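For reference, the structure discussed in these notes is given below.
The values are calculated or read from the model by the stated rules, or taken from the named source; none is laboratory data. Small disclaimer: the values here were computed from a predicted structure and weren't measured. Every residue, glycine among them, receives a Cβ derived from its backbone with ideal geometry; neighbour counts consider all protein chains shown. Heavy atoms of the whole protein, side chains included, go into the accessibility calculation; ligands, DNA and RNA do not. Shrake-Rupley method; radii C 1.70, N 1.55, O 1.52, S 1.80 Å.
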Amino acid sequence: MDTAALRAAFTGPLIFPGDPGYDEARRIWNGMHDRRPALIARPLGAADASAAIRYASGAGLPVTVRGGGHNVAGTSIADEAVLIDLSLLREVTVDPEAETAEAGGGALLKDVDSATAPHDLGCPSGVVGHTGLAGLAIGGGYGWITRKWGLTCDHILGAEVVLADGSIVQASETEHQDLLWALRGSAGNFGVVTRFTLRLRPVGPILYRTALYPLKDAPAALRAFREFTVKQSDDLRVFGSFQFAGDGEAIPAELRGEPILELAVACSADVPESVAQSAEIYASVPPAAQAEETISYYDLQSKLNEAAPAGRRYFTKACYLTDLTDGVLERIVEAARANPSGLSSIDVEYLRGAITDVDPAGSAFPHREAPFFLAAWASWTDPAHDGENIAWSRGTVASLKEWHYEGSYANYAPEDDESAPAGDPRLPRVKHTYDPGNLFRGERHAAPADV
Ligand SMILES: Cc1cc2nc3c(=O)[nH]c(=O)nc-3n(C[C@H](O)[C@H](O)[C@H](O)COP(=O)(O)OP(=O)(O)OC[C@H]3O[C@@H](n4cnc5c(N)ncnc54)[C@H](O)[C@@H]3O)c2cc1C
């Protein structure tokens with residue numbers, strides 16, 4: 001298909017270099033990536049995506065796919081590739097009886113949350129509303145209620161997918177089961193998902209508590225967290241974040257602007273039960289300040305929307321950890337103290353719960369048994385400081401090497417991720433079936449020559 005044929009077939013906007021809006025359209029969330037695709041195609045449906053794929057294939061150009069554009073390594077965009085940008089496919093419709101939703105391939109988490117909330121339903125997903133559903137779900141998907149219900153990828157019931165040859169297929173439990181399996185957590189590039197069918201869960205009020213600790217008390221607080229994690233109910237998620245305290249009224253004067261540990265708890269049991277369960281975590285090490293509220297799942301999901309604005313410079317390196325030994329705690333606190341940017345954080349949490357309850361054969365997600373997860377999120381504004389911030393994030397994770405648990409979470413991996421898992425041996429076969437020529441960029445599951 002040549003450009004004229006594409007223009008005739010494609011109903012959405014096509015943006016070529018030099019066209020008005022090209023520079024705006026090629027921007028993604030992470031300001032680090034300044035890439036220039038050969039074409040930005042914004043489909044209005046699967047048929048448009050199919051036309052863009054046939055055009056790219058005919059022109060010998062690779063294809064990248066953009067859901068919410070939040071992949072920190074910028075995998076959704078590449079120089080001289082055709083970018084299929086799904087940002088006009090954000091519609092979400094809910095079937096409250098069946099407890100399912102249909103979500104466009106470009107839906108953001110907040111689109112899903114706002115459509116499901118009026119029905120007291122939700123799809124477990126990530127914690128920042130402007131993140132894309134597609135990338136997050138295809139790579140796994142951790143969030144506030146993951147320990148209770150499982151990963152986002154565990155909630156993909158089906159998908160409409162446009163393949164490398166331009167055909168449009170439905171992946172479900174009865175058709176293209178191998179493709180559905182791979183879309184559940186492999187982070188692979190097998191086609192363009194233009195629509196997901198999602199399983200929803202009942203969501204009620206959630207008790208949300210936060211406690212702040214000065215760094216000197218952080219090891220003791222995290223030791224209490226470590227003891228608590230192994231016995232906590234799956235209703236709870238406890239999330240530790242080392243960051244710099246703001247200067248709001250709720251922050252004690254001596255902590256303002258200082259590196260601190262915030263321990264946040266979200267508990268979705270009945271409220272009295274949640275109060276009792278979550279109080280224990282703070283009991284042995286009294287925090288310098290704490291707050292508590294009972295909020296809706298929707299409000300919880302919206303809480304961090306301002307925390308990670310688009311356009312700043314970001315780099316993440318993450319790892320799974322076998323345990324939070326005293327050695328781990330010592331090094332995390334050291335790294336928090338050495339943090340070169342007031343905008344960066346180190347986040348740590350205990351996983352397991354419902355993540356391990358799912359039949360591992362039903363999805364390609366490779367990290368179900370991982371106990372703890374740590375991410376060093378570097379964030380800064382001045383390109384002159386790229387080196388020191390990237391080195392801090394990498395160095396933080398490298399300093400914990402002794403305690404690394406196998407594999408690395410694809411959704412937080414830098415481009416040159418040397419700890420990427422070898423992957424399930426079935427994935428290259430799925431890739432070979434659906435994208436033998438590796439039209440969809442990304443080498444994670446390239447088809448081997450011998451299948
Ligand atoms: C602010 C922020 C908060 C985050 N919070 C969490 C969190 O709480 N939990 C968590 O698990 N992760 C979290 N993440 C990581 C997140 O899961 C990844 O960044 C993910 O890649 C984002 O998905 P996206 O659609 O926005 O990405 P994009 O950059 O648009 O896409 C990333 C990749 O996904 C694939 N893809 C995207 N859309 C499609 C599609 N429609 N069809 C086929 N393939 C597609 C492509 O391979 C693409 O390269 C967060 C990231 C950010 C930036």
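So the values come out like this:
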quantity: Centroid-to-centroid separation of segment 73-119 and segment 356-421 [C-alpha atoms, Å]; calculated: 25 Å
quantity: Centroid-to-centroid separation of segment 200-265 and segment 317-335 [C-alpha atoms, Å]; calculated: 16 Å
quantity: Assigned charges on the beta-carbon of Lys, Arg, Asp, Glu; the chain dipole about Cα centre (debye); calculated: 580 debye
quantity: Gain in span if fully extended, A307 to D165, counting 0.36 nm per residue against the direct Cα distance; calculated: 47.1 nm
quantity: Angle between the chain longest axis and helix 386-398 axis [Cα atoms, degrees, rounded to 10]; calculated: 70 degrees
quantity: Peptides 33-43, 400-410, 161-171, 286-296 ordered by average Cβ neighbours within 10 Å, highest first; calculated: 33-43, 161-171, 400-410, 286-296
quantity: Accessible-area order (highest first, 1.4 angstrom probe) of the listed residues Y412, Y142; calculated: Y412, Y142
quantity: Pairwise label distance in nanometres, A59 with S114, each label 7 Å out on the Cα-Cβ vector; calculated: 3.3 nm
quantity: Potential extension, A289-D359 segment - 0.36 nm per residue separation minus Cα distance; calculated: 21.1 nm
quantity: ³J(HN,Hα) computed for each position of segment 16-33 - Karplus, 6.51 cos²θ - 1.76 cosθ + 1.60, integer Hz, glycine/proline x; calculated: 9, x, x, 5, x, x, 4, 5, 5, 6, 8, 6, 10, 4, 7, x, 5, 9
quantity: Helix 218-229 axis, angle to the chain major axis (alpha carbon atoms, nearest 10°); calculated: 70 degrees
quantity: Partners for K303 among lysines (Cα-Cα distance below 19 Å; same-chain residues under 8 apart left out); calculated: K110
quantity: Tensor-based shape of segment 210-366 (alpha-carbon gyration tensor, a/c under 1.5 rounded, otherwise prolate or oblate); calculated: rounded
quantity: Residue-span extension gain [E258 to D95] - 0.36 nm each, minus C-alpha spacing; calculated: 54.0 nm
quantity: Estimated FRET transfer efficiency when R0 is 41 angstrom, pair E280-D19 (beta carbons, to 0.05); calculated: 0.10
quantity: From the C-alpha gyration tensor of segment 3-85, square roots of 5λ in Å; calculated: 20, 12, 12
quantity: Cα-based Rg of the chain normalised by 2.2 N^0.38 Å, two decimals; calculated: 0.97
quantity: Förster-model FRET efficiency, 45 Å R0, E369 and E273, C-beta, rounded to 0.05; calculated: 0.95
quantity: Per-pair calculated FRET efficiency, R0 = 56 Å: D34 and L215 via Cβ, rounded to 0.05; calculated: 0.95
quantity: Partner aspartates and glutamates for K148 [C-alpha distance under 14 Å; skip if fewer than 8 residues away on the same chain]; calculated: D234, D235, D270, D357
quantity: Of all accessible heavy-atom area on the chain, the percent that carbon and sulfur account for (1.4 Å); calculated: 50 percent
quantity: Rounded tilt (10° steps) of 271-283 against the dominant C-alpha axis of the chain; calculated: 60 degrees
quantity: Among 383-390, 331-338, 74-81, the order from most to least packed when residues are scored by Cβ within 10 Å on average; calculated: 74-81, 331-338, 383-390
